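Colleague: Take a look at the following structure, please.
Nothing in this text is a laboratory measurement; each read-out follows from the coordinates by a stated rule. Since this is a predicted model, take the numbers as computed values, not measurements. Ideal geometry is used to build each Cβ from the backbone, glycine not excepted, and the neighbour counts take in all protein chains shown.
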Amino acid sequence: MMRIVLLGAPGSGKGTQAQRLMGKYGVPQVSSGDLLRDAVARGTELGKQAKSVMDAGQLVSDDIVLGLIRERLSRADAANGFILDGFPRNIDQANSLNALLEEIGQPLDAVLLLDVRNETLMQRLAGRRICPKCGTVYNIHSLPAGTTACEKDGTELYQRPDDKEEVIGKRLSVYDQQTKPLIAHYSKLGLLRKVAGEGELEEVSERMEAAALAKPVPASKVKVTKTPAQAKRKSSAVKSAKPAARSASKTASKSAKAKAKSKSKSAAKSKAPAAKGKAAKKSAKKSSRTAARSPKKAARKAPAKKAARRATKARKKK
Ligand code: AMP
């Protein structure tokens with residue numbers, strides 16, 4: 001069972017990777033772009049409506065695309081899973097898909113995001129050529145110079161109208177504005193898995209497969225490693241919480257002891273000012289006598305005074 005959505009900018013390799021997964025896991029690739037191109041090629045009413053929008057690099061209306069997807073997912077070969085490629089492309093489509101999948105009892109397993117840099121996307125899209133007969137996708141940058149026909153069946157390759165340079169920019173900005181918000185949407189739902197989409201085809205496929213088959217970890221089993229600061233905070237919180245866990249009698253006797261202690265302390269305190277006052281007067285007298293006799297000695301003996309003098313000097317300087 002594999003029910004996944006492939007997310008990624010135009011040219012990120014969704015179609016190519018979908019075909020590889022499809023071959024391996026026996027679930028169909030459901031590409032909204034292919035379904036639309038098929039409708040255009042057959043010249044249906046829907047295809048006629050969609051063509052100009054597609055050629056301009058804009059998104060076809062949600063209703064049209066959702067109708068095609070609903071019909072496709074209802075076919076027998078999608079009963080055991082599917083790889084959605086190019087759908088959903090905005091938040092409304094994601095919500096409609098969610099409702100549809102709930103209705104047919106086929107919730108999503110994962111959303112795989114193919115991550116590819118912009119300059120790579122431009123190069124891939126502008127160089128893409130397709131065989132109209134077998135659907136094989138080529139790129140002029142990796143084909144031997146001068147090749148214009150399919151290596152498999154010799155049919156002349158063609159360039160999709162929306163792969164023309166003047167349309168590519170529009171498609172990428174539509175992706176940024178309308179489709180990118182799906183990354184945060186599926187991330188919040190815990191379904192998103194990001195896959196590095198550059199490098200050898202085989203390597204990307206392996207990463208895709210690993211991401212598609214990775215079992216999601218339930219939140220209750222996720223252990224977060226604490227930073228030393230967090231751990232310290234926690235241990236001091238535990239220490240301060242410990243007395244509360246002790247027996248009530250212990251706490252009661254402790255609090256009685258504490259009360260008694262604080263009483264004697266406060267009694268001592270109430271006597272203290274007088275005692276302190278006397279002692280202070282005595283020491284002040286002594287130090288003034290010493291100062292008169294030997295100022296240096298006095299300075300050594302009264303560091304507090306020295307510090308106070310320094311502070312006053314510093315203030316004056318300022
Ligand atoms: P694709 O083959 O996925 O790059 O799609 C080619 C074109 O078909 C897009 O530029 C859109 O015009 C249209 N299209 C494909 N999928 C959708 C979709 N889910 N919603 C709206 N338009 C779409």
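Colleague: By a straight-distance test (C-alpha under 12 Å), which aspartates and glutamates pair with K24 as possible cross-link partners, with residues fewer than eight away in the same chain excluded?
Modeller: Correct list for K24: E206, E209.
Colleague: Continuing with this model, one more query. Using Cα centres only, tell me the gap between region 8-81 and region 93-131 in whole Å.
Modeller: Cα centres, region 8-81 to region 93-131: 10 Å.
Colleague: Take L114, L100 and order them by how many other Cβ atoms sit within 10 Å, fewest up front. Intermediate values should be presented prior to the final figure.
Modeller: On the way: L114 23, L100 15.
If I rank by nearby Cβ atoms, fewest first, I get L100, L114.
Colleague: For a quick check: with amide H placed at 1.01 Å from N, whose amide H comes under 5 Å from L113's, ignoring anything fewer than 5 positions away on the same chain?
Modeller: For L113, the qualifying residues are L7, R193, K194, V195.
Colleague: What pairs in K51/K133; K14/K133; K14/K51 have C-alpha atoms more than 23 Å from each other? It would help to have the intermediate numbers written out before the result.
Modeller: Values: K51/K133 20 Å; K14/K133 20 Å; K14/K51 21 Å.
None, as every Cα separation is 23 Å or less.
Colleague: A follow-up question, please. Would you mind ranking S61, S205 so that the residue whose beta carbon has the fewest other beta carbons within 10 Å leads the list? Show your work: numbers first, answer last.
Modeller: Values: S61 12, S205 17.
Taking fewest neighbouring Cβ atoms as first place, the list is S61, S205.
Colleague: Please give, to one decimal in nm, the separation of the simple spin-label points placed at Y158 and H141, each 7 Å out from Cα toward the Cβ.
Modeller: Label-label distance for Y158 and H141, simple model: 2.5 nm.
Colleague: Would you list C134, C150 from fewest to most Cβ contacts within 10 Å?
Modeller: Details: C134 11, C150 19.
With the fewest neighbours first, C134, C150 line up as C134, C150.
Colleague: A follow-up question, please. How long, wide and thick is region 10-75, going by the Cα atoms along their three principal axes, in whole angstroms, largest first?
Modeller: Projected onto the principal axes, the Cα atoms of region 10-75 cover 35, 28, 20 Å.
Colleague: Can I ask one more? Give me the Kirkwood hydrodynamic radius of region 62-105, using the inverse of the mean 1/r over all pairs of distinct Cα atoms, in Å to one decimal.
Modeller: 10.7 Å
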